[in-house]
1. List every residue pair whose Cβ atoms sit under 7 Å apart, with the two residues 6 or more apart in sequence or on different chains, where the first one lies in the stretch 87-109 and is without any contact (Cβ under 8 Å) to a residue 60 or more places away in the chain and the second, anywhere, is assigned to a strand (DSSP E or B) and open to solvent by 30 Å² or more (accessible area, probe 1.4 Å).
2. Pairs please, first residue from the stretch 5-26 and over 18 Å from residue 142 (Cα atoms) and in a loop (DSSP other than H, G, I, E, B), second anywhere and among the hydrophobic types (A, V, I, L, M, F, W, C) and open to solvent by 30 Å² or more (accessible area, probe 1.4 Å), Cβ atoms under 8 Å, 6+ apart in sequence or on different chains.
3. Identify the residue in the stretch 68-86 that is without any contact (Cβ under 8 Å) to a residue 60 or more places away in the chain and either open to solvent by less than 20 Å² (accessible area, probe 1.4 Å) or polar (S, T, N, Q) (or both) and, among all such residues, is farthest from residue 211 (Cα to Cα).
4. Working carefully through the options 127, 109, 120, find the one that is open to solvent by 70 Å² or more (accessible area, probe 1.4 Å) and either over 27 Å from residue 19 (Cβ atoms) or not in a loop (DSSP other than H, G, I, E, B) (or both).
5. Read through the list (1) in contact with a Gly (Cβ under 6 Å, 6 or more places away or on another chain); (2) surrounded by fewer than 15 Cβ atoms within 10 Å (Cβ to Cβ), then give the number of the only condition that residue 45 fails.
6. Using beta carbons and a limit of 7 Å, which pairs, at least six apart or on different chains, have the first residue in the stretch 136-164 and surrounded by 14 or more Cβ atoms within 10 Å (Cβ to Cβ) and the second one at pLDDT below 80 and among the aromatic types (Phe, Trp, Tyr)?
7. Among the residues of the stretch 174-187 satisfying the criterion of being at pLDDT below 90 and open to solvent by less than 50 Å² (accessible area, probe 1.4 Å), which is nearest to residue 269 (Cα to Cα)?
8. Report the residue count in the stretch 130-155 for those that are more than 29 Å from residue 185 (Cα to Cα) and part of a loop (DSSP other than H, G, I, E, B).
Amino acid sequence: MFGRVFDTTTVDRVTGLIRPGLRLVTGEDVAVGRSHLGGLPRLDGTAPWPTHFETPLDLLAVIDVAELGPCDLPGLPAGTRFLNFFFLADRPELLWTSDEPASTWRVVPAGPDAKERTAPVERLVRPARPVGFVPVLTLPTWEDEVVARTLGVAEGPYPPSPRYHLIERYSAVTAAWNELVRDHLGAVENRIGGWPAPLQAPVFHRAERDSASHRSSPADGGPWRLLLQLDTNDDSGWSWGDGGRLYFVITESRLRAGELTAAWLELQSS
């Protein structure tokens with residue numbers, strides 16, 4: 001697709017931006033295992049159910065790391081078999097209004113012997129929906145500054161530069177590619193790894209800004225990675241604002257160090 005609108009040199013640069021991800025899918029023709037949306041977490045014996053102060057968080061997803069195919073999540077913590085994603089789902093506004101927004105979510109790793117944990121009595125448990133994983137190639141949105149740098153549009157897309165047409169071409173091709181993916185895998189963009197699919201500003205840029213303003217130990221400036229993207233979906237019962245999405249992200253260096261407490265959560269809505 002890129003070869004139809006870019007010269008060879010530009011094609012090489014743009015394809016260098018590709019990151020492999022995995023779509024979370026359901027259906028009779030998809031192999032599923034122990035990964036699921038909703039349901040109960042798998043926690044190590046001494047790990048507490050995470051809370052926001054005294055309020056238990058909701059379990060959004062359990063991912064069995066052993067079921068993941070190739071994607072761009074390097075160096076998941078040694079000994080980790082499961083990743084549990086929690087959020088205070090009925091109070092998403094706390095992401096913007098709380099002095100401690102990071103207390104409203106948690107990414108909790110667990111080992112191979114982790115057991116399902118019974119939920120606190122006051123926490124609503126959504127039915128577990130098993131998921132499988134399908135590889136997908138992803139690209140950053142045209143608004144991401146990495147695209148302007150890659151295409152040599154030094155001043156970015158605004159104000160228009162003599163090379164702005166390259167941004168327009170990139171936007172058109174990536175839109176066509178994303179449409180093909182949606183036609184094949186469906187419109188629900190639940191994903192692990194790869195570039196986020198933003199509904200507003202580029203997710204990694206927003207996460208770097210927001211985490212720096214709320215944490216005493218800001219991001220280290222390294223590349224960001226997408227741990228989990230969860231879309232609004234009637235089947236799951238989750239709704240994030242006005243047709244929104246959740247994005248659990250972390251810097252690569254913190255991921256390699258096994259510091260999942262450094263994960264950040266963004267919510268965007270259309």
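1. If the second residue must be assigned to a strand (DSSP E or B) and open to solvent by 30 Å² or more (accessible area, probe 1.4 Å), the pairs left are 88/55.
2. Going by the 8 Å Cβ cut-off, the qualifying pairs are 26/32.
3. The extreme case among them is 82.
4. Only one candidate passes the filter, namely 127.
5. In the conditions (1) in contact with a Gly (Cβ under 6 Å, 6 or more places away or on another chain); (2) surrounded by fewer than 15 Cβ atoms within 10 Å (Cβ to Cβ), residue 45 misses (1) alone.
6. Here the result reads 153/164; 157/164, each pair linking the stretch 136-164 to a residue that is at pLDDT below 80 and among the aromatic types (Phe, Trp, Tyr).
7. Among those that are at pLDDT below 90 and open to solvent by less than 50 Å² (accessible area, probe 1.4 Å), it is 186.
8. Within the stretch 130-155, residues that are more than 29 Å from residue 185 (Cα to Cα) and part of a loop (DSSP other than H, G, I, E, B) number 4.
The values are calculated or read from the model by the stated rules, or taken from the named source; none is laboratory data. These numbers come from a predicted model, not from an experiment. We place every Cβ from the backbone using ideal geometry, glycine too, and count neighbours over all the protein chains shown. Ligands, DNA and RNA are excluded from the accessible area calculation, which covers all protein heavy atoms including side chains. Shrake-Rupley method; radii C 1.70, N 1.55, O 1.52, S 1.80 Å.
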